[in-house]
2 protein chains.
Amino acid sequence: MMTASNAPVRQSSVRAHNLALVLQTVANSADPISRASVAGATGLTRATVSALVDDLIAGALLGEVDPAPRSGAGRPAAGLRPSADGPAGLGLEINVDYRAACVVDLTGTVRHHLVEAGDQRAPGSLDGLTRLAARALRLAGAEGLTVAGAALAVPGLVSAGGVVRVAPNLGWQDVTVGSQLHGLPLIVDNEANLAALSELGTGDLPPSFVYISGEIGIGAGIVLNGALYRGVRGWSGEIGHIPIDSSGPLCRCGARGCLEQYAGQEAMLGAAGVTSVESLAGADLTVAGTALGTAIATVVNLLDVDTVVLGGIYAPLLPGLHDAIGAEIARRVLTAGWSPVRLRAATLGPDAAVRGAAGAVLRGVLDDPAAYLAR
Amino acid sequence: MMTASNAPVRQSSVRAHNLALVLQTVANSADPISRASVAGATGLTRATVSALVDDLIAGALLGEVDPAPRSGAGRPAAGLRPSADGPAGLGLEINVDYRAACVVDLTGTVRHHLVEAGDQRAPGSLDGLTRLAARALRLAGAEGLTVAGAALAVPGLVSAGGVVRVAPNLGWQDVTVGSQLHGLPLIVDNEANLAALSELGTGDLPPSFVYISGEIGIGAGIVLNGALYRGVRGWSGEIGHIPIDSSGPLCRCGARGCLEQYAGQEAMLGAAGVTSVESLAGADLTVAGTALGTAIATVVNLLDVDTVVLGGIYAPLLPGLHDAIGAEIARRVLTAGWSPVRLRAATLGPDAAVRGAAGAVLRGVLDDPAAYLAR
DNA sequence: TCAAATAATTCAACCAATAAACAAATCGGT
DNA sequence: ACCGATTTGTTTATTGGTTGAATTATTTGA
């Protein structure tokens, strides 16, 4: 049920909304699309679409391409598609053993991708990230891109205002990153959240799903109706400490039998008696899969999503995990009989979080192009 | 992050939105409120508010009351408040041992409340409910109320189109209730969902919370940002089978150690060695409280809500449950140290679901008064 | 070469909100 | 008792934005 937002609507809001509608219709179309088709798809008139498209082209959000060869009579349509020379998003990531930046344009193309390996737990890693961001911005500027904003993916809990409450594996506690970077607005968010957005952006996922990221810790990004659900304070998706067995092994969080004790990277390596994630491919993953399945069943019972995407180390290991997860889902999800739960491996690999960060910036432009045009 | 809806916006949508904004501002105000105050609160101009209020008064959604005695200079304001003679919602409930109907007007007053005790598992209980609804409609009609729609609360899983997939305690399976009743649009929904909406309507809850209903089964209603989250297929909140201990007792669902085996009504009665819910008040509820706390911790870790409302049999038992739940939350909710989880007893008692059903209808009117006016 | 078809633009009409002026009703002070 | 200040509510001209119909543009098919 939709509650009306508590802001008044004026004529300019109408235009803002319809600009977003037209831009998104073009962005979601696989092929270049005509103004007339946009009008048909949106319900707006051709006159209105033309006027809106004029603004979007003037602002370099859309570009026109040569008419696609068509069959049938009639004037050929000019194709519209997102412009590659307009706004771009700067995605940043800081993780235990590397930092990364990438620049993505409105077409979804990764224009630049910089990675610096090295332990980020040392002090000064944030300064290093700032320098990396500056390099990426120079590269983008040299190509004539307008960077609309930046987003940083962090493996930890983030509060409003760019404060990292805790990032256990980085050793961070109450680190203020801020909400500006080189004069750009900066979003700071959990890596699983941004990776989930990234997978959403691939287009072949339903509007509601849960992304589970297996790393040293386990996190989840919850996407409901096409939007990331961040929770009241931005701390949603802390799935790693779902209890699997209250008489299980003691976890570093102080409780017993948390998911991480069965399906965390360390636990899986220990159980299989190997030291590298690659070696897990041949191992018996039943214990981890069962625990993961139990946790997934809980999530599905609670949120009624029908798709779960497994990312991080789980993505390559899904074949070995699949049966155990599926068995647990069949046993514990009440509605599994009517409607199966789809399990998918993430498609984007380790870049998902940085790309999702850049995508979050672009999503902001797509959601409110009028604000970008008025900048 | 808000995704633009895929519908075009025209001038009439602006009016529809602002009508809703004005109506909700008046409805959310404790005392009668002037047009000028509405203008101040909404950001609309006084002229616009006046025009919108004219429509709302003409449609019997708002009424004017005598100016409240005021201090200070200036022309006295005419007070606006929701009309008691306008639209009303028909709430219906069917449960194991009773059926109920209630009529609630826009001021939130319960105008009629009919309850028929008796076993509803017998065939024909739906016909009985239809007759009960007819009685309530006659009473409402005699008072000049315009019943805008009906909603039915069912203790089970409901699909779109008014199909009850399964209601275990009613013995229902794939029962089609339909989406019309006596010519009115009919919403069918889970009782925990509607009870959650009902608690939301009391006004002293934050916009995001989880309502947990303890009955024979355990259900949850999830309210996010002031709106009920129903899930992809309407089956969200199935909390009763969250695993507490995978080596625990066998549950009727086929899995082991489900929450219901510790904190369900039967389990609690069995553990305390009593036969009535009233007798539980003095019993030791540590086991149930711990299990409930574990489940709540899972929900909070996942959804990051800071308020949990306990309803059904849990409401009167909260004093006995509180400490065990709190201990488990402190142990398992990662963010409990920064921001406490508030536990509340539901305030509305056993009527919550029926009243929530009526409230769901009224919420539809408040969310889109233009549709009601155009009927 | 012309008619039909489809795409895109132009323009008058309309709808809704705004701003500013105006009318209404009260209070406070002299 | 009266006048100015103050606040509420309405009236009116203006503006922004969509619509629908007419118009122009460009192609296919007969």
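The values are calculated or read from the model by the stated rules, or taken from the named source; none is laboratory data. All values derive from a computational prediction rather than experimental measurement. For neighbour counting, all protein chains shown are included, and Cβ atoms are generated from backbone atoms with ideal geometry for every residue, glycine included.
Here are the numbers for the structure shown:
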| quantity | calculated |
| --- | --- |
| Inter-residue pairs, beta-carbon under 9 Å, first within 16 Å of DNA strand D (Cβ to nearest atom) and in region A:74-90, second of a type in the set (V, I, T), 6+ apart | A:A77/A:I33; A:A78/A:V65; A:G79/A:I33; A:G79/A:V65 |
| Helices (runs of 4 or more DSSP H) contained entirely in region B:219-323, each with at least 3 residues that are under 28 Å from B:S339 (Cα atoms) and within 25 Å of the chain's Cα centre (by Cα) | B:286-303 |
| Unmet requirement for A:A281, which otherwise passes all of (1) surrounded by fewer than 22 Cβ atoms within 10 Å (Cβ to Cβ); (2) within 17 Å of A:D245 (Cβ to Cβ) | (2) |
| Filter result for the condition that a residue is more than 21 Å from the chain's Cα centre (by Cα) and in the same structural domain as A:S125 (by TED's automatic domain parsing), over A:G178, A:G171 | A:G171 |
| Residue match in region A:298-309 (condition: free of Cβ contacts under 8 Å to residues at least 60 places away in the same chain, within 12 Å of chain B (Cβ to nearest Cβ) and hydroxyl-bearing (S, T, Y)) | yes |
| Matching residues in region A:319-347 - criterion: being surrounded by fewer than 17 Cβ atoms within 10 Å (Cβ to Cβ) and away from every other protein chain (no Cβ under 14 Å) | A:P319, A:H322, A:D323, A:A345, A:T347 |
| Filtered residue count, region B:233-256, keeping only those that are at positive phi and surrounded by 24 or more Cβ atoms within 10 Å (Cβ to Cβ) | 1 |
| Scope region A:87-118; condition under 19 Å from A:T202 (Cβ atoms) and of a type in the set (S, T, N, Q); matching residues | A:T107, A:T109 |
| Selected residue (only one of B:L52, B:L23, B:L44, B:L19 is more than 8 Å from DNA strand D (Cβ to nearest atom), in a loop (DSSP other than H, G, I, E, B) and within 14 Å of chain A (Cβ to nearest Cβ)) | B:L44 |
| Exclusive hit being of a type in the set (K, R) and under 29 Å from the mean Cα position of the chain (by Cα), set B:R46, B:R10, B:R81 | B:R81 |
| Enumeration of residues in region A:114-137 that are outside any helix (DSSP H, G or I) and within 24 Å of A:L362 (Cβ to Cβ) | A:L114, A:V115, A:E116 |
| Failed criterion for A:A352 (all others in (1) touching a Ser or Thr at 6+ places or on another chain (Cβ under 6 Å); (2) assigned to a strand (DSSP E or B) hold) | (2) |
| Criterion (more than 29 Å from A:A360 (Cβ to Cβ) and either facing chain B (nearest Cβ under 7 Å) or in contact with a strand residue (DSSP E or B) (Cβ under 8 Å, 6 or more places away or on another chain) (or both)) met by exactly one of A:G248, A:G226, A:G240, A:G234 | A:G248 |
| Residue pairs meeting the criteria (Cβ under 6 Å; at least 6 apart or on separate chains; first away from chain B (no Cβ under 14 Å), in region A:348-370; second assigned to a helix (DSSP H, G or I)) | A:L348/A:S198; A:A352/A:A195; A:A352/A:S198; A:A353/A:E191; A:A353/A:L194; A:A353/A:A195; A:R355/A:S198 |
| Residue in region A:46-57 that is surrounded by 20 or more Cβ atoms within 10 Å (Cβ to Cβ) and in contact (Cβ under 8 Å) with a residue 60 or more places away in the chain present | yes |
| Residue in region B:2-12 that is in a helix (DSSP H, G or I) and within 14 Å of chain A (Cβ to nearest Cβ) present | yes |
| Residue in region A:4-16 that is modelled with the lowest pLDDT, counting only those that are more than 12 Å from DNA strand D (Cβ to nearest atom) and crowded, with 16+ Cβ neighbours inside 10 Å | A:A4 |
| Pair list, Cβ < 6 Å and 6+ apart or interchain, from region B:237-256 residues that are free of Cβ contacts under 8 Å to residues at least 24 places away in the same chain to residues that are part of a loop (DSSP other than H, G, I, E, B) and surrounded by fewer than 19 Cβ atoms within 10 Å (Cβ to Cβ) | B:H241/B:C253 |
| Any chance A:A220 is crowded, with 24+ Cβ neighbours inside 10 Å and in the same structural domain as A:L126 (by TED's automatic domain parsing) | no |
| Residue that is of a type in the set (A, V, I, L, M), out of contact with any Leu (no Cβ under 9 Å at 6 or more places or on another chain) and modelled with pLDDT of 95 or more, where the choices are A:A192, A:A220 | A:A192 |
